[in-house]
Amino acid sequence: MGTALITGATSGIGLELAWQLAEAHHDLVLVARSRESLTAVAEQLCQVAGVGVEVLPADLSTPAGRTAVAERLRLEPTVARATASPERSRRAEDVAARPIDLLINNAGFAVGQAFVGGDPAQERRALAVMVSAVMELTHAVLPGMVARGHGAVLNVSSVTALTAMGTYAAHKAWVRTFTEGLVSELRGTGVTVTVVNPGLTRTEFHERAGMDETAWPDAAWLRAEDVASAALDAVRRGQVICTPSVRYRAANAALRAAPRWFVRRVAGHGSMRARYSRGAEE
């Protein structure tokens, strides 16, 4: 099995993706801001699933953090073959010597504020994590994948990509369009790119953002394990766009068909203000 690098790997959908990949015997490179959290997750994955796990603490809102992860993604396969043990050891140092076969751009957080009058530093952090990091990390990993003739990228977007819910929706719309553009560019290379568009998912994301989860009915919520499973199945099939659950696929179809003035009215930033009190990073 190959090696997967996951950003935002210590909570929510990212953590669930890590567990499901480990259970499928993929070695992992986990990226998040907290070394302590990364180490705790890595130890659990090693003990339970028996896979090798490399931890890479990095703050993707900073140029230094993005550069550190990009350098790991540029690892040359010739170096990896020379340094990895013949038995494909599961030790972290051996995982660190291998190229990445699957990049998962998952890190993100709810902006949690109106644009007008909001904190511009928060907007810059959001843009860095959900747009700049996705672009830079994907740019770093693709040349090696193309040279090897195989590999995959999974980008985590959102059903909000088709709404008008502020800059978060704008960032996620960029991720979706970016993915589709790459699919066209990479045709025939053996490298695939998939975007997953989750709806409301029960993770720490909404609590950290100060959102009132009771504002939505229970039926609107997805389980993180179901979202992760659908996303990984889509990657294995080479599917471009994955929207977990029939109800959110129906919602996407309605949003695409509706006039944009109607979308702005019913799914604009103003409809979300009462559900946010603050923004916090996932």
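Just so it is clear, none of the values below were taken in a lab; they were calculated from the coordinates. Just so it is clear, the model here is predicted, and its values are computed rather than measured.
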Can you give me the relative contact order of the range 17-156 as a percent, contacts being Cα pairs under 8 Å and 6 or more apart?
24
3J(HN,Hα) from dihedral phi, the range 231-244, Karplus parametrisation 6.51/-1.76/1.60, rounded to Hz, x for glycine, proline:
5, 5, 4, 5, 4, 5, 7, x, 6, 7, 10, 10, 10, x
Given H placed on each backbone N at 1.01 Å, which residues far from residue 241 in sequence or on other chains put an amide H within less than 5 Å of it?
195
Mind checking the alpha-carbon convex hull of the range 152-199 and giving the volume per residue in Å³?
54
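Evaluate the relative contact order of the range 1-75 (contact order divided by residue number), counting alpha-carbon pairs under 8 angstrom at least 6 apart; express in whole percent.
On the way: 115 pairs, mean separation 20.1, N = 75.
Once normalised by length, the contact order is 27 percent.
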